[in-house]
Structure formats: C-alpha cells, structure tokens
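Beneath this line is the structure, given in structure tokens, with notes to follow.
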Amino acid sequence: MHGHRLARALGIPAMTDFFEMPDGRRIAFRLAESTANDKHAPTIVFLPGYMSDMAGSKATALFDWAQENGHACLLLDYSGCGESDGDFADGTLSRWRDEVLALIEAKLSGPVVLVGSSMGGWLMLLVARELAATHGDASVAGMIGIAAAPDFTSWG
C-alpha cells in the first residue's frame, strides 16, 4: 500500500488544508503534488456531485491512483459540504464554481484535467468555460464526466 491508501487503512485521515475565500469561507481541500518526471503534466481536479465530498469513494480512488502514479490531484469540498464552512442551503452552482476557480488560481499552475461526477459534471463545464475565457483553451487539457448531470436549459 502507498501513502494515502495506507493511511486510510490504518485509520489515519488524509491531510486536509483550508483555503480562505475573500468573504471568509474556508474551503477544505487536499492536494497531491506531482512526483512524475513530467512536472508539466496537467493536474487532475475532481468535482464531486450533489451533497458529496472529497471523502467519497470516487474522489479517494482517484486521489490514490494519482498519488500512486505521480500525478498532481486536487480534491475539494464545496462550501456547506464535507469539511468546508457554510450551510449547504446557501450553496449555488455559481458559488461552488467560484470556489473551484479560486482554488485552481491559488494552488495550481498549468493545465488541468477536470473530472466531474454527477452535478460535478455541470460544474466541470462551468469551470472549463471560465478557465478558457480567462487563461485560454490550453488551460483545460481535458474533461471527464462520471454520470455527469449538466443542465443545458440555460448556458448563460
């Protein structure tokens, strides 16, 4: 067993850090740094689904795989979810999109691969659109939807 998986098997939680948003909200996240030879490889960013968090099985499996294979990976809990501050009822897609963007801006450099699960698939598209608009198309190296649930009733 390696790193995070061994720690989990021993009952030791993975290290959680917190990022403070301008309004004081603290957003919980975990970041695995790249140990691969290619330091320019995209960082994997996992976006959980509705009422899910970074402790879920998909998120932890992806984080474990990334660590075992030397890839950088970012997990996070939206405000009101998991270990992050806030009330879930105050959450909106635009609020959670802004939290993801703020973390990417503050903690990552280079392109990302966005992985969105369920509602995270909708957030993946919103984040990708904003990253491409502000940093160019090369800022998003790819997107992976896992049972993605985007709402195409309105894009704007």
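The table below gives the values:
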item	result
Reciprocal mean inverse distance between Cα atoms of the chain - Kirkwood radius, Å	15.7 Å
Given charges at beta-carbon only (K, R positive; D, E negative), |dipole| of the chain in Debye	360 debye
Computed P(r) (all Cα pairs; the stretch 11-93; 10 Å bins; percent)	18, 46, 28, 7, 0
Computed helical MRE - 222 nm, the chain, DSSP H runs ≥ 4 contributing -39500 (n - 2.57), nearest 500	-10500 deg cm²/dmol
Taking only Cα atoms of the stretch 83-156, radius of gyration then Dmax in Å	12.4, 35
Sequence ranges 46-53, 57-64, ranked by mean other-Cβ count within 10 angstrom, highest first	46-53, 57-64
Surface accessible to a 1.4 Å probe, per residue, for the residues of the chain, Å²	51 Å²
Portion, in percent, of the accessible area of the stretch 62-129 that falls on carbon or sulfur, probe 1.4 Å	47 percent
DSSP-defined antiparallel bridges as percent of all bridges, the chain, nearest 5	40 percent
Length-normalised contact order for the chain - Cα pairs under 8 Å, 6+ apart - percent	23 percent
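The values are calculated or read from the model by the stated rules, or taken from the named source; none is laboratory data. The shown structure was predicted, so the numbers you read here are calculated from the model rather than taken from an experiment. Every residue, glycine as well, gets a Cβ built from its backbone with ideal geometry; the counts of neighbours run over all protein chains shown. Areas reflect the complete protein model, heavy atoms only, side chains present, ligands, DNA and RNA absent. Shrake-Rupley method; radii C 1.70, N 1.55, O 1.52, S 1.80 Å.
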